[in-house]
Amino acid sequence: MENTIVLTGGGTAGHVTLNINLKNELSKHFSKIVYIGSKNGIEHELVKKNTNYTYHSITTVKLERKKIFKNLSIPFKLKKGINEAKEVLKQYKPAIVFSKGGYVGLPVVIAAKKLKIPVVCHESDITMGLANKLAKKYATTICCNFEKTAKTGGQKCVYTGMPLKQVLLSKTEIKNNLNIKTTKPILLVTGGSLGAQAINNFIFKNIDELTKKYFVIHIVGKHNKNNNISNKDYMQIEFTNKMWQIMKISDYALSRAGANTIIELLSNNILTIFVPLPKGASRGDQIENAKYLEKNNFSTTILQENLTFENLQKSLNFLENNSDLIKKSIKNANFEDGTQKIINIILKEKST
């Protein structure tokens, strides 16, 4: 049987990007890479577009925090997903399973443990998500984005950071490729892979004021474009696979506080205002992430309910006036490429 690794994770682009960023290094050590994801999730599209991984879909189920009755079906769907994952794992007999986390990966992790296949997981957030809390029981190692998570997460947790893309193009080349002609500082606005309606609406309303000082690149999310805006210093993009190029030319960012986006922005030395997803719409992980970053002088935060143009101006001025301190803090934190650390752990834990 081939030397195979199974990857899993999905639900948002953040749960897939890490697995995609590992592809070059993984292909040096494994003759076959198989991806197990959901049937209709974003991971299927991203994996197909960016890799040559073999893709299999299984039944997945997500905890709906506001829909109690819908959660009653979780045990049945989870069991079905585990059985489907077992069939895929039996077919390929992988040396190891690597899970990026999230509800998509949980049935695969449990199935792997039942088949005595070693499992390595990755946790992006400051505080561990529910899926990885459950998966921790079945995993040999949990790789962590942040040192704090590794220190407080227990014996299985190891600090690795996350794999980062390397962009070899110069800023001038990137601007030419994107047809951006400006001398203004560039403000990147992103709500993550799915967009963020509250942020989008705020930018649509205030774009004329914002572009008096900034060139704004706005990642709006699929099907969220506003075609009524015409402004030479404003670029709308639904979804892009050139985010790393865009980050390399950005001076400032207004962003959700998803963990992968955080590392990508800070590793590019971008002065960032985080607008975390409100707790009612999530478990509160983005608020925890943003608080930690602000406390350590990496960025500043505006809660969604406080997102006004006046507060945005104050925050942008704060970043500009304190840019030296913030960039020094980011440099000292050493948000380095975690690719090799993760690969080494995978190779160490895999069965021979």
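The values are calculated or read from the model by the stated rules, or taken from the named source; none is laboratory data. Owing to the predicted nature of the structure, the values given are computational and were not obtained by experimental measurement. Backbone-built Cβ (ideal geometry, glycine too); neighbour counts: all protein chains shown.
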Filter segment 262-287 down to residues that are more than 14 Å from Gln304 (Cα to Cα), part of a helix (DSSP H, G or I) and not hydroxyl-bearing (Ser, Thr, Tyr), then give me how many there are.
6
Criterion first (hydroxyl-bearing (Ser, Thr, Tyr), assigned by TED's automatic domain parsing to the domain that holds Glu209 and closer than 29 Å to Lys148 by Cα) does Ser230 satisfy it?
no
Select from segment 318-352 the residues that are among the polar types (S, T, N, Q), part of a helix (DSSP H, G or I) and free of Cβ contacts under 8 Å to residues at least 40 places away in the same chain and list them in ascending order.
Asn321, Ser329, Asn332, Asn344
Considering each of Thr54, Thr60 in turn, give the residue that is within 30 Å of Ala290 (Cα to Cα) and among the hydroxyl-bearing types (Ser, Thr, Tyr).
Thr60
Considering only residues that are closer than 20 Å to Lys80 by Cα, in contact (Cβ under 8 Å) with a residue 60 or more places away in the chain and within 22 Å of the chain's Cα centre (by Cα), which ones fall in segment 96-118?
Val97, Ser99, Gly101, Gly102, Tyr103, Val104, Gly105, Val108, Val109
Going by the structure shown, is Ser315 surrounded by 17 or more Cβ atoms within 10 Å (Cβ to Cβ) and in contact (Cβ under 8 Å) with a residue 12 or more places away in the chain?
yes
Mind counting the residues in segment 76-127 that are farther than 19 Å from Thr141 by Cβ and either at pLDDT below 95 or part of a helix (DSSP H, G or I) (or both)?
19
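Does any residue of segment 120-139 turn out to be in contact with a His (Cβ under 6 Å, 6 or more places away or on another chain) and surrounded by 15 or more Cβ atoms within 10 Å (Cβ to Cβ)?
Residues of segment 120-139 that are in contact with a His (Cβ under 6 Å, 6 or more places away or on another chain), as a first pass: none.
No; the residues of segment 120-139 include none that is in contact with a His (Cβ under 6 Å, 6 or more places away or on another chain) and surrounded by 15 or more Cβ atoms within 10 Å (Cβ to Cβ).
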With the checklist (1) surrounded by fewer than 20 Cβ atoms within 10 Å (Cβ to Cβ); (2) in a loop (DSSP other than H, G, I, E, B); (3) without any contact (Cβ under 8 Å) to a residue 60 or more places away in the chain; (4) not basic (Lys, Arg) in hand, flag the one item Asn241 doesn't pass.
(3)
For segment 252-306, which residues satisfy the criterion of being over 15 Å from Ile326 (Cβ atoms) and of a type in the set (Lys, Arg)?
Arg256, Lys279, Arg283, Lys291
Return yes or no: is Thr160 in contact with a strand residue (DSSP E or B) (Cβ under 6 Å, 6 or more places away or on another chain) and closer than 30 Å to Val120 by Cβ?
yes
Of (1) touching a helix residue (DSSP H, G or I) at 6+ places or on another chain (Cβ under 8 Å); (2) of a type in the set (Val, Ile, Thr); (3) in a helix (DSSP H, G or I); (4) over 19 Å from Thr272 (Cβ atoms), Ile203 fails just (4)
In segment 223-245, which residues are of a type in the set (Lys, Arg) and out of contact with any helix residue (DSSP H, G or I) (no Cβ under 9 Å at 6 or more places or on another chain)?
Lys225, Lys232
